[in-house]
Every structure is written in C-alpha cells, then in structure tokens.
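The values are calculated or read from the model by the stated rules, or taken from the named source; none is laboratory data. Computed from a predicted model, the values in this text were never measured in an experiment. Ideal geometry is used to build each Cβ from the backbone, glycine not excepted, and the neighbour counts take in all protein chains shown. When the accessible area is computed, the model is the full protein with side chains, heavy atoms only, and any ligands, DNA or RNA have been set aside. Shrake-Rupley method; radii C 1.70, N 1.55, O 1.52, S 1.80 Å.
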Amino acid sequence: MLGQVDISKRQAEIADLVQKAGFASVEELAERFEVTTQTIRRDVNGLCELGVLRRTHGGVEPPAPASNIHYSTRQILNLPEKRLIAKLVGAKIENNQSVAFSIGTTPEIVMQALTGHDKLAVFTNNLNVAFTASSNPSFQVTIAGGRLRHGDRDILGSAAQAFFSNYKVDVGIFGVAGVDEDGTLLDFHEDEVAARQSILANCRKSYLVLDHSKFGRAAHVRGGQLKDVDAVFCDRPVPDAFLESLRGSKTEVFVYEGGGVA
C-alpha cells in the first residue's frame, strides 16, 4: 500500500527505541529482544537501507535530520500511540460526514482507522490519506492539485491553500511538528502552516491529533495556538505546563487511557 513501510514489529520497536535513546549497540538490542546479534544486524541493516537509522561505531543511531525526520521514519515512530489516537478520533467521526485531512503520519493513521465508516467525503493534500480512503468504495475522495513533495507524498503551496478554501467541511483533522510550552503550534515550513490554517478556517470542527512526543518538540515556523482548535487528541495527558495555555478556552482534550477516553 502507498505510504506503508514493509518492516517487522521488532524493527519498528528498534527504530522507536533508537530514536528516543539516540544510540543502541547491536549487543544491547540482541539482549533486549532475546535474539542473536546476527538477527539484529539483519534488522538494522534493513532499517539503514530505508534511511530510518544509520550505522555508527558499535551500533546504530538516528539519521541526522536536515529539518523534519523523514516520513518513512515518522510512520513507525510511536506507531502504537498514534493508533490509540486514531481510535479516539474514529469514535467521533460519523458516517456521511465531510472530513479534511492535512499532511503527516498521524492524520494518515487516523484515515486508516476510518476505513470502516460509510460514505465519508474526504478532502486532502496527503496522497497517503487519499490512497487509504480510496479503499472504501463508499467514500468520495477529492485531492488537491499541484506539485508533489517527494518522500512525504503531499502537495503544498498556494494551490493547496486554495483547495481547502473551496469547501466547508464538517471536520478538519491535522497534526503539527511540535507544540511550544506557551501553546504555540509549530511546523518546519511556512507552506505546511498555511495549508493547516486553511483547513482550520474552513471546517465546522477542528481536531488536532498528536502524540505526546510533540509537546516541547522544537520547530521554527509558528502557526496558531492550541486554544484555536475545538479538540486535541493525544495518547497521554497533556503536560500541565501546556494545559495552562488552554485555560479559559473551549478546547476539549481527549486522551486514550486504559482502553477508553479520559
């Protein structure tokens, strides 16, 4: 399927572990997963070929990012957490609704959770979302035109902004690269912010989907505030410092805890 990376569950766990720790030796990984060092070498070789990790003396580490982490890496980082978020959002979306989706891996995984719905009208500049949505013949899928961004498989720029402004949808679903402690939403490119803001301005309900790692993550382009959205969906409770930025707002926060919503 377009946008999916063909790796094992153990490889996904290795990638997540190394991304968080910054480094892991082959021996440490073999001991942790209770397999041979030869098996771990095969796993990490595959991840290095995909650009998810890179070899260094004695082990592996994350690749040095020029800006954001590569899409194929983001697809598998915090994947279980993103699926919990998707489950939360899926419970809020009704059949026959119109939904706009932004770029990013979490919106893509939310779309995967919605394929069992009926007669959704999907509007997106994310080809991974569009391809997943097209698997349900009852969905009407409309995509933005323009120049395709390689790797991320999305369309940005003035054409994408104009695309979203042509519609008034029931729900807008989007992610961010990071959230500053004062509640500022952050991304890596001005075009990413502009497309997200166009969705926000043209939906009746706005859903921000993000896993816990986005709180405090640095990115340099400002684009709105947490309090601008109708609802935040996360896998863990929002840290207290960030909740302060929501004080007095009408933004709801949905968290998946112990098999349900908290």
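Can you give the FRET efficiency to the nearest 0.05 for Lys92 and Gln38, using r as the Cβ-Cβ distance and R₀ = 35 Å?
On the way: r = 46 Å, r/R0 = 1.32.
Step by step, r from the Cβ atoms, then E = 0.15.
Would you mind calculating the relative contact order of the chain from Cα pairs under 8 angstrom and at least 6 residues apart, reporting the percent as a whole number?
Details: 521 pairs, mean separation 37.9, N = 262.
Reported as a whole number, the value is 14 percent.
Quick check: the angle from helix 9-21's long axis to the longest principal axis of the chain, C-alpha only, nearest 10 degrees?
Approximately 90 degrees, to the nearest 10.
Of the residues Cys48, Cys203, Cys234, which exhibits the maximal mean-square fluctuation in a Gaussian network model of the chain defined by a 10 Å Cα contact cut-off?
Cys48
Return a whole-number percent for the relative contact order of region 127-206, with Cα pairs under 8 Å and 6 or more residues apart as the contact set. Could you put the intermediate results ahead of the total?
Details: 91 pairs, mean separation 21.9, N = 80.
Across region 127-206, relative contact order equals 27 percent.
Suppose the chain between Asn166 and Lys20 were pulled fully straight at 0.36 nm per residue; how much longer would it get relative to their current alpha carbon spacing? Please list the in-between numbers first.
Values: separation 146, 0.36 × 146 = 52.56 nm, distance 4.03 nm.
Length gained, Asn166 through Lys20: 48.5 nm.
For region 91-100, in order, what is each residue's ³J(HN,Hα) by Karplus, 6.51 cos²θ - 1.76 cosθ + 1.60 with θ = phi - 60°, in whole Hz (x at glycine and Pro)?
For region 91-100, the Karplus-derived couplings read 6, 9, 8, 9, 4, 6, 7, 9, 9, 9 Hz, x marking Gly and Pro.
Would you kindly state how much longer the chain becomes between Arg54 and Leu243 on full extension, computed as 0.36 nm times their sequence separation minus their alpha carbon distance, in nm to one decimal?
Numbers: separation 189, 0.36 × 189 = 68.04 nm, distance 3.63 nm.
Gain on extension, Arg54 to Leu243, equals 64.4 nm.
With everything on Cα atoms, drop me the angle between helix 190-201 and the longest principal axis of the chain, reported from 0 to 90° to the nearest 10.
Long axis of 190-201 versus the principal axis of the chain: about 40 degrees.
Give the calculated FRET efficiency between Lys205 and Lys119 to the nearest 0.05, with a Förster radius of 25 Å applied to their Cβ-Cβ distance. Don't jump to the answer; show the numbers that get you there.
Numbers: r = 18 Å, r/R0 = 0.72.
Efficiency, rounded to the nearest 0.05: 0.90.
Could you calculate the FRET efficiency of Asn45 with Lys9 from 1/(1 + (r/R0)^6), where r is the beta carbon distance between them and R0 is 25 Å, rounded to 0.05?
So the FRET efficiency works out to roughly 0.90.
So who's got an amide H within less than 5 Å of the one on Ala24, skipping anything under 5 residues away but keeping other chains? H placed 1.01 Å off N, in plane.
Distant-sequence amide H within range of Ala24: Val60.
How much of the accessible area of the chain, in percent, comes from carbon and sulfur atoms when a 1.4 Å probe is used?
Numbers: 5860 of 12230 Å².
Looking at the chain in its full context, I get 48 percent from C and S.
What whole-number value in Å² describes the accessible area per residue of the chain for a 1.4 Å probe? Don't jump to the answer; show the numbers that get you there.
Numbers: 12230 Å² over 262 residues.
Each residue of the chain exposes 47 Å² on average to a 1.4 Å probe.
When the Cα centres of region 203-229 and region 133-176 are compared, how far apart do they sit, in Å?
Distance between centres, Cα-based: 18 Å.
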